[in-house]
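Shown next, in structure tokens, is the structure this report addresses.
The values are calculated or read from the model by the stated rules, or taken from the named source; none is laboratory data. Given the structure is predicted, the values throughout are model-derived calculations rather than measurements. Quick reminder, even Gly has a Cβ in these numbers, built from the backbone with ideal geometry, and neighbours come from all protein chains shown. For accessibility, only protein heavy atoms count, side chains too; no ligands or nucleic acids. Shrake-Rupley method; radii C 1.70, N 1.55, O 1.52, S 1.80 Å.
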Amino acid sequence: MDSKPPQLSANIFHDRPTFSCIHCCVPIALQDELISKSFTGREGRGFLMNSAVNVKMGKKEDRPLMTGVHTVADVFCLGCTNRVGWYYHKAADSSQKYKEGKYLLERERLVKENAWKLDESEEY
Ligand SMILES: [Zn+2]
């Protein structure tokens, strides 16, 4: 593994649609990496994402979630250090294993940039 501290990179996605931090507008994830919008975060709805950037991980902990106990680590925006969601290290239940290595990002902490035309009917 790479031991360098994560670097903030503001322009890595160029003009591709992204979810960005609501506080500092740093890009957090590509909209293409979205797996599901029907997840629940701590503060409301959440997005399950294949990958995220410009985030740093907090401490690993076992957390009881709606779908059972998961080993997760909170993830924080590199730009402003606000928490934006968590990372799934491990799921206890085998039916939840697909989440391992994925990110749950809080919808309330993100803004959608370069919105898809097809999404205009959605509420955000
Ligand atoms: Zn931020």
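Can you send over the solvent-accessible area of Val69, 1.4 Å probe, protein chains only, in Å² to the nearest 10?
Rounded to the nearest 10, that gives 70 Å².
In whole angstrom, and with the biggest value first, how far do the Cα coordinates of region 18-116 range along each principal axis?
Between the extreme Cα coordinates on each principal axis of region 18-116 lie 36, 28, 20 Å.
What are the ³J(HN,Hα) values, in whole Hz, obtained from phi via the Karplus relation 6.51 cos²θ - 1.76 cosθ + 1.60 with θ = phi - 60°, for each residue of region 52-63 in sequence order, with x given for Gly and Pro?
Residue by residue, region 52-63 yields 8, 10, 6, 10, 10, 8, x, 6, 5, 8, 7, 10 Hz.
Can you give the accessible area of Leu34 in Å² (nearest 10), computed on protein heavy atoms with a 1.4 Å probe?
Surface accessible to solvent at Leu34 totals approximately 40 Å².
Applying the Karplus parametrisation 6.51 cos²θ - 1.76 cosθ + 1.60 with θ = phi - 60° to the phi angles of region 6-23, what ³J(HN,Hα) value in whole Hz is obtained for each residue in order, glycine and proline being reported as x?
Per residue, the Karplus-derived 3J(HN,Hα) values read x, 9, 6, 10, 7, 10, 5, 9, 6, 9, 7, x, 9, 9, 10, 4, 5, 8 Hz.
Dipole magnitude of region 18-116 about its Cα centre, charges +1 at Lys/Arg Cβ and -1 at Asp/Glu Cβ only, in debye to the nearest 20?
120
Using a 1.4 Å probe on the protein heavy atoms, what percent of the accessible area of the chain belongs to carbon and sulfur?
That share works out to 51 percent.
Under 5 Å between amide H atoms, partner at least 5 residues away or on a different chain: which partners does Leu78 have, H built in plane at 1.01 Å?
Under 5 Å from the amide H of Leu78: Val55, Lys56.
If packing is taken as the average count of other Cβ atoms within 10 Å, what order do 57-64, 46-53 fall into, highest mean first?
46-53, 57-64
Quote the accessible area belonging to Arg16 in square angstrom, nearest 10, computed with a 1.4 Å probe and with ligands, DNA and RNA left uncounted.
Around 110 Å² of this residue is reachable by solvent.
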